[in-house]
1. For a quick check: with amide H placed at 1.01 Å from N, whose amide H comes under 5 Å from Gly153's, ignoring anything fewer than 5 positions away on the same chain?
2. Based on alpha-carbon centroids, what's the gap between region 180-226 and region 148-172 in Å, whole number please?
3. Summing Lys, Arg as +1 and Asp, Glu as -1, what charge do residues with Cβ under 15 Å from the Cβ of Ser170 carry, Ser170 excluded?
4. By how many nm would the segment from Thr179 to Ala230 lengthen if fully extended, with 0.36 nm per residue of separation less the alpha-carbon distance?
5. At what distance in nm do the modelled label points of Arg171 and Ala112 sit from each other, each positioned 7 Å from its Cα along Cα→Cβ?
6. Subtracting the Cα-Cα distance from 0.36 nm times the residue separation, let me have the gained length for Val163 to Ala149 in nm, one decimal.
7. Simple spin-label model, 7 Å along Cα-to-Cβ: Leu260 to Thr141 in nm?
8. With a sphere of radius 10 Å drawn around the Cβ of Val103, what net charge do the other residues whose Cβ falls strictly inside it have (Lys, Arg +1; Asp, Glu -1)?
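No value in this document is a laboratory result; all are computed from the given coordinates. Fair warning: this is a prediction, and the values are worked out from it, not measured in the lab. FYI the Cβ positions are ideal-geometry reconstructions off the backbone, even for glycines, and counts take in every protein chain you see.
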Amino acid sequence: MPATAAQSFGSGQAVSATVAGIGIVLTLAALGWYVVGGLGEPLHHGQSTALPPYIADTESSGLQSRTLIVSLAGGKVTWLLHQADHAVWGDGETGLSPVEPQVRAAVETVVAQIAAARQDEEVASELSALGVTYVQVRGITPEVSSALAASPGISRGGEGNGVTVFTVTSRPSRVLVVTADGTQSVARSIDTATTGRLLLSEPSDPRWQVTVGGVALEPTDSPDWRPAFALTGQTGDVAVRLAPEPWPGWIALLQLLAVLLLALFAAPAVSRESDDYLRTGRRSTEADEGVGRHSREGTS
C-alpha cells in the first residue's frame, strides 16, 4: 500500500500542489490589498453617520461638499470628516486616517482650534480647503460656541439633540478655482473663461484626472496638500476621475494564470488515477471470475 501511494503522487501532482499554493497566496494578497488599500480609493470606508436632511442634500448636490463632525463629549475630542458616499477621513475612536499625513494634520489643526475655543480668522479658509460646508459639534460648551460663531466666514445654525451646526458661509465644494481675484466653488461646470488653478480637496495622488468641457487639464504646482491643475480659459462641464490602480488588474491576471496552470497540470494526474482505477477494477473482476471458476471446478 505505501508503494502504491508513492507511485500515485507523481511529478504532475507535485507541480499541481505548487501551483495551487501560489494561487492561494495570490488570492490572499489580493484580499489584503483590497482591505489595506481599498483598490486605490483615496478614502477609508466607514460607518454611515445620520445627518439632517439639508446637510445630506448639500453633500449630494453638485458641490459634493463634506461635513466635519466634532465630538467634545466627556472631555474627549474625536472627529469625523463625512461625505455623501459615506467615505470618511479620520476618527479618533477607530483610528482611521487620511492617506497623507498632511491631510490629517490639516483636519487636526481645525479640530484643535475648535476644541480650544479659539477665534481664528483662518478657520473658514482651512475648512474650505477640506471641502467642508458644515461643522457639527456634539457636546459643545458655551465658550466653543461663541468662539466658532465669532470666527470670520462662519455662521451658527440650528441646535438640537445635543448637536450644534455651523456653516461656512462661502459654501465651498470639493472643487475650487483659485485666481488672482479669489477662490470660487465649482458645482458642475465652469461657465466663464478663467485663468488660474483648479484645486481638488482630495489626498494627493498622481492618478487624479480633470477635464473641463472635455479638455484635460495639466497638473501644476499646488499651494498645499491638494492636487492642482492649470486652468487656462477652459469652460464647460467639470469631470473629476481617479484612474484605477493597475496592480489589482495584474493580481487578477496572475490568479487566472495560476488557475489555468493548476487545471493543466491536474488533468494528467486525474487521467492517470482514472486509468489506474479502471485497471484495478479489471484485475479485481478477473480475479473474482477466476475464483468463481475454481470454486465451480472444485464442486464438480
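1. Amide H neighbours of Gly153: none.
2. Region 180-226 and region 148-172 have Cα centres spaced 27 Å from each other.
3. -1
4. Using 0.36 nm per residue and subtracting the Cα-Cα distance, I get 17.3 nm.
5. 3.3 nm
6. My answer for the length gained is 3.6 nm.
7. 6.6 nm
8. -2
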